[in-house]
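Read the structure below first, then the notes.
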Amino acid sequence: MPLFAQDPVVSDGDKYSVLFENDKVRVLDYKDMPGEKTHEHSHPAFVLYALVPFKRKLMLPGGKVIMREFKAGDVLYSDAQTHVGENVGETPTHVIMVEMKSGMSMGVK
């Protein structure tokens, strides 16, 4: 994973917007249309909540490709990741992402 891949709000500000941010998390709203693709960017560990059904292709550094299909209400956890995302379905993508900031304590003992 490149150490200096761009913040998605910078690389794709037309698709990502910040809904909330503090020292623990950043909450992003992401929307795109079928056929649209992001620039390469990085996320810290995150939780994704799908608001609508959609299908995506994620292209990771080194050539690995991940296909993902979501139903409305699906939730996914991911470790930190750098990728290019592409909407390869027939419906718009709309998700809420909660990015974890480093040093965050989960309060679990």
Pair list, Cβ < 8 Å and 6+ apart or interchain, from segment 67-78 residues that are at positive phi to residues that are part of a strand (DSSP E or B) and hydroxyl-bearing (Ser, Thr, Tyr):
73/49
Among the residues in segment 82-98, are any modelled with pLDDT under 95, out of contact with any strand residue (DSSP E or B) (no Cβ under 7 Å at 6 or more places or on another chain) and farther than 19 Å from residue 40 by Cα?
no
Residue check: is residue 86 under 16 Å from residue 9 (Cβ atoms), within 14 Å of the chain's Cα centre (by Cα) and charged (D, E, K, R)?
no
Filter segment 36-55 down to residues that are outside any loop (DSSP other than H, G, I, E, B) and touching an Asp or Glu at 6+ places or on another chain (Cβ under 7 Å) and give me whichever is nearest to residue 24 (Cα to Cα).
46
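The values are calculated or read from the model by the stated rules, or taken from the named source; none is laboratory data. Just so you know, these numbers come straight off a predicted model, no measurement behind them. Cβ: placed from backbone, ideal geometry, glycine included. Neighbour counts: every protein chain shown.
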